[in-house]
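Below is one structure; the comments refer to it alone.
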Amino acid sequence: MAANNRQHEAPVRDFLTDIVRRPEDHARFMNMLSMLEHMGSRKIMVSQMDRTLTEDVLKHLAEEARHAYFFKRQAERVAGKSLDGYTQDNTMERVPALMYFGRLDAGISAQVTDEEAYPWVSLIIELRACWLYEIYNDVLSKSGLKLSLKSLLAEEDMHLAEMFGMCGQDTEKLQRLSAYETELFGRLWNKLCIASPVAKAA
């Protein structure tokens, strides 16, 4: 994944470095992350309702919902107002973000069995979350903002390890699905960059 995403690292870091200086846009970006985390928790709930819900699955669901709450709370703190729901006005690139998640879920689910869908979709999402949040946390620490993703990253790392354990050692499948997600992520990030204040000003 590191090799596949080398081209994205500098643009992502530049975007985040700029966005954290703009409270209103930063809040809309965090609300987008909240929406994606919420979609993740909802996906777990819907996909596992007809299966035997284990303690680990319920814990994963609860933590994804808490991550959605974390980003929503921080977005409202930065915005200085309520950001109810996930609307076009309060959520950065709402529709492209929804399309990213929907296509990722559908695309991976089409390449694995029904039983494999939950761990593989979760694994690929956790890989992206850890990659993005590591860069984001570094940018936040350098910005001087009183906001840290360390505890959230610790939970994402734990989820990643759990999903690796469930998916086994199928390296070829991991590389293929990760490359598919990277393509979708690139499209989403291009939309974010085009819509950014810097791009508009240029």
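Read-outs: derived from the displayed coordinates by stated rules, not from any lab. Keep in mind the model is a prediction, meaning the values are calculated, not measured. Every residue, glycine among them, receives a Cβ derived from its backbone with ideal geometry; neighbour counts consider all protein chains shown.
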Exercise. Using the C-alpha atoms of the chain, what convex hull volume per residue, in cubic angstrom, is computed?
Worked result: 117
Exercise. Spin-label point model (7 Å from Cα, Cβ direction): what's the Gln111 to Leu53 distance in nm?
Worked result: 3.0
For this session: Before rounding to the nearest 500, sum -39500 (n - 2.57) across all DSSP H runs of length at least 4 in the chain and divide by the residue total; then give [θ] at 222 nm in deg cm²/dmol.
Result: -27000 deg cm²/dmol
Problem set entry | Over 29 Å between alpha carbons, listed pairs Lys43/Lys72; Lys59/Lys142; Lys43/Lys150 | Lys59/Lys142
Problem set entry | Cα lying deepest toward the dipole's positive end in the chain, options Leu188, Ser109, Val57, charges on Cβ | Leu188
For this session: With springs connecting C-alpha atoms under 10 Å apart, model the chain as a Gaussian network and identify which of Val95, Val78, Val12 has the largest mean-square fluctuation.
Result: Val95
